Amino acid sequence: MSTLIRPALSLLLLMTLITGVAYPLLVTGVAQVAFPAQANGSLIVDADGKVRGSLLIAQDFQGDAWFHPRPSAGAFATVASGASNFSPSNPALAARVIDDAQALQVPGQGPVPLALLTTSASGLDPHLPPAAIAYQLARVAAARHLPVSTVQQLLDTHIEQPLVGPRVVNVLALNLALEKL
């Protein structure tokens, strides 16, 4: 019996060291050398060296002077990230969307873009379609006493084209650029 247990435990220990220690250290080292910004969370650091956020995680912006991201089912908390899990037939979802649409409605601008009313699957998606940002242009420009054309130019420079999918705008990056104006 011990002739079977000893090799089995030795193999278990060896595989634990390889797959649980050596491989993760190797992958972490390669990531730190090849992609240091991404490996450390794609953090945005200001001129003072203070971390302002991550390009990968949405942040809540309050007030008319800022572009607002999608709603978050988890109140933008990374620990509780996730969708609301409300089905389309759930009255609570319909009530929230109707309330948000009424609060965001701008007279003469048409319906509120769906991206401003629905949460993403993670609840932390930092991107919005350019149309959802454009819907907010007049409000942000008025609150900052800037011409709409100036804010539109800023938006145009922040439109990204991912490898797959439609064009998007990172709301945090746009708001940080807006702050510098």
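The values are calculated or read from the model by the stated rules, or taken from the named source; none is laboratory data. In this text, all values refer to a predicted model and were calculated from it rather than measured experimentally. All Cβ positions, even for glycine, are placed from backbone atoms using ideal geometry, and neighbour counts span all protein chains on display.
When the range 83-93 is limited to residues that are within 22 Å of the chain's Cα centre (by Cα) and in a loop (DSSP other than H, G, I, E, B), the one that is farthest from Ser54 (Cα to Cα) turns out to be Phe86. Considering every residue within the range 66-79, establish whether at least one is outside any loop (DSSP other than H, G, I, E, B) and either under 25 Å from Glu179 (Cβ atoms) or of a type outside the set (Asp, Glu) (or both). No, because not a single residue in the range 66-79 is outside any loop (DSSP other than H, G, I, E, B) and either under 25 Å from Glu179 (Cβ atoms) or of a type outside the set (Asp, Glu) (or both). Evaluated against (1) part of a loop (DSSP other than H, G, I, E, B); (2) closer than 13 Å to Asn170 by Cβ, Arg52 falls short on exactly one condition, (1). Among the residues making up the range 94-135, those that are farther than 24 Å from Leu178 by Cβ and assigned to a helix (DSSP H, G or I) are Ala94, Ala95, Arg96, Val97, Ile98, Asp99, Ala101, Gln102. In the range 102-135, the qualifying residues are those that are exposed (fewer than 15 other Cβ atoms within 10 Å of the Cβ) and among the hydrophobic types (A, V, I, L, M, F, W, C), and the one that is nearest to Gly53 (Cα to Cα) is Ala121.
Among the criteria (1) surrounded by 11 or more Cβ atoms within 10 Å (Cβ to Cβ); (2) outside any helix (DSSP H, G or I), the one Ala47 does not fulfil is (1). Of all residues in the range 4-44, exactly one satisfies the criterion of being of a type in the set (Phe, Trp, Tyr) and in a helix (DSSP H, G or I), namely Tyr23. For the range 29-43, the condition holds for no residue, the condition being that it is loosely packed, with under 10 Cβ neighbours inside 10 Å, small (Gly, Ala, Ser), at positive phi and at pLDDT below 85. Can we say Leu163 is closer than 19 Å to Gly53 by Cβ and not hydroxyl-bearing (Ser, Thr, Tyr)? Considered against the rule, which asks whether it is closer than 19 Å to Gly53 by Cβ and not hydroxyl-bearing (Ser, Thr, Tyr), Leu163 comes out as no.
For residues in the range 86-125 being of a type in the set (S, T, N, Q) and within 15 Å of Ser72 (Cα to Cα), which is modelled with the highest pLDDT?
Out of the qualifying residues, it is Thr118.
A single entry from Pro147, Pro162, Pro126 fulfils the requirement of being without any contact (Cβ under 8 Å) to a residue 40 or more places away in the chain and either closer than 30 Å to Ala92 by Cβ or in contact with a strand residue (DSSP E or B) (Cβ under 7 Å, 6 or more places away or on another chain) (or both): Pro162. Taking the criterion of being in contact with a Phe, Trp or Tyr (Cβ under 9 Å, 6 or more places away or on another chain), of a type outside the set (S, T, N, Q) and within 18 Å of Asp64 (Cβ to Cβ), would at least one residue in the range 102-111 satisfy it? Yes, the range 102-111 contains at least one residue that is in contact with a Phe, Trp or Tyr (Cβ under 9 Å, 6 or more places away or on another chain), of a type outside the set (S, T, N, Q) and within 18 Å of Asp64 (Cβ to Cβ).
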